[in-house]
Amino acid sequence: MFALRAWSNQYMEYIADRFQQALLAENAVVFDRENLSLLVPGPGLHATPINGGADLLTLCRPMLRREAEEDTGVIQLVSAFIVRWQDAYLTYKRSKRLPESRLHGEYSINFGGHLTPLDLFGFDEWPADPNASLWNIFDPINGVFLLQREFMEELRVDKLPRFTYRGLLYDDTRPVSRQHIGIVYDTILQERDYTIGERGFLLDPKYETLDKILARESDFENWSQLIIADEMQRTGRRA
């Protein structure tokens with residue numbers, strides 16, 4: 001609904017989101033599959049530090065996402081935020097409007113999306129030396145504004161969450177996860193309230209305890225199930 005500015009004493013002025021390029025027309029960040037064993041030993045959520053991201057970024061390059069989705073010889077980088085408020089995790093259902101049709105209708109415990117050069121470095125061009133960048137998305141201290149921008153595409157909150165780098169997430173049991181690797185962050189909200197950034201893409205968002213999630217674990221996609229298993233191990237729980 002649109003109205004005259006003269007009515008601003010009755011209605012809040014509408015502020016449109018910034019223009020976003022078509023998802024498949026953006027540059028994804030990829031590395032050759034043959035280098036996967038240099039980063040992770042196999043499927044799972046691996047907490048091994050990446051030396052400030054140096055080992056990973058030196059292997060990466062930009063590639064048109066449309067091409068990367070068709071090329072099984074490369075693996076794409078995506079962000080994965082595990083969002084918590086106190087002892088509850090924020091979950092959601094993936095709608096049919098999301099580009100990745102292979103995950104439609106499944107629930108997730110992690111928020112995030114494909115990473116671009118802009119997300120990693122703060123500018124669109126790929127640097128000659130990725131490790132010489134002033135900002136580092138793997139370091140939640142000096143890269144916090146990069147993390148905030150990436151996170152706010154998924155969730156809008158008034159107070160900046162606390163980000164902690166967790167590790168790398170990979171799984172080869174499904175074609176979609178075989179083509180992606182997740183850079184995982186524990187994300188602790190400072191307040192309960194939030195707004196979904198991409199309305200219509202993420203459905204049925206809600207806070208759930210680990211017990212409630214475990215009771216319907218089969219509703220969740222495979223990455224989320226790996227995260228759930230890792231959370232159980234961290235908290236000393238058994239299935």
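The values are calculated or read from the model by the stated rules, or taken from the named source; none is laboratory data. All figures in this text were calculated on a predicted structure; none of them were measured in a lab. Virtual Cβ from ideal backbone geometry, glycine too; neighbours counted across all protein chains shown.
Key figures for this structure:
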{"read-out": "Residue in the stretch 108-115 that is surrounded by fewer than 16 Cβ atoms within 10 Å (Cβ to Cβ), at negative phi and of a type outside the set (Lys, Arg) present", "value": "no"}
{"read-out": "The stretch 160-180, residues that are outside any strand (DSSP E or B), among the β-branched types (Val, Ile, Thr) and loosely packed, with under 13 Cβ neighbours inside 10 Å", "value": "Thr173"}
{"read-out": "Condition check for Leu146: in contact with an Asp or Glu (Cβ under 9 Å, 6 or more places away or on another chain), on the phi < 0 side of the Ramachandran plot and either modelled with pLDDT of 85 or more or not polar (S, T, N, Q) (or both)", "value": "yes"}
{"read-out": "The stretch 23-45 residues that are over 14 Å from Asp172 (Cβ atoms), paired with ones that are of a type in the set (S, T, N, Q) (beta carbon under 6 Å, 6 or more apart)", "value": "Glu26/Thr116; Asn27/Thr116; Ala28/Gln76; Val30/Gln76"}
{"read-out": "Subset of the stretch 46-90 [under 20 Å from Pro127 (Cβ atoms), touching a residue at least 12 places away in the same chain (Cβ under 8 Å) and not aliphatic (A, V, I, L, M)]", "value": "Gly52, Gly53, Asp55, Thr58, Cys60, Arg61, Pro62, Arg65, Gln76, Ser79"}
{"read-out": "All positions within the stretch 34-93 that are of a type in the set (S, T, N, Q) and in contact with a helix residue (DSSP H, G or I) (Cβ under 8 Å, 6 or more places away or on another chain)", "value": "Thr58, Thr72, Gln76, Ser79, Thr91"}
{"read-out": "Residue ID - nearest to the chain's Cα centre (by Cα), chosen from residues in the stretch 160-177 that are closer than 18 Å to Asp119 by Cα and among the aliphatic types (A, V, I, L, M)", "value": "Leu168"}
{"read-out": "Close pairs (6 angstrom Cβ cut-off, 6 or more residues apart or separate chains): within 18 Å of Arg166 (Cβ to Cβ) in the stretch 218-239, aromatic (Phe, Trp, Tyr) and assigned to a strand (DSSP E or B) anywhere", "value": "Phe220/Tyr107"}
{"read-out": "Candidates Ala22, Ala47, filtered to the one that is small (Gly, Ala, Ser), modelled with pLDDT under 95 and touching a strand residue (DSSP E or B) at 6+ places or on another chain (Cβ under 8 Å)", "value": "Ala47"}
{"read-out": "Residues of the stretch 55-86 that turn out to be closer than 19 Å to Phe163 by Cβ and surrounded by fewer than 13 Cβ atoms within 10 Å (Cβ to Cβ), as a count", "value": "1"}
{"read-out": "Any hit, the stretch 178-186, residues being of a type outside the set (Ser, Thr, Tyr), over 19 Å from Ile75 (Cα atoms) and in contact with a strand residue (DSSP E or B) (Cβ under 7 Å, 6 or more places away or on another chain)", "value": "yes"}
{"read-out": "Selected residue (criterion: modelled with the highest pLDDT) from residues of the stretch 54-105 that are hydrophobic (A, V, I, L, M, F, W, C) and assigned to a helix (DSSP H, G or I)", "value": "Ala68"}
{"read-out": "Top-ranked residue in the stretch 117-159 [being assigned to a loop (DSSP other than H, G, I, E, B), over 22 Å from Leu90 (Cα atoms) and touching a residue at least 24 places away in the same chain (Cβ under 8 Å); ranked as farthest from the chain's Cα centre (by Cα)]", "value": "Trp126"}
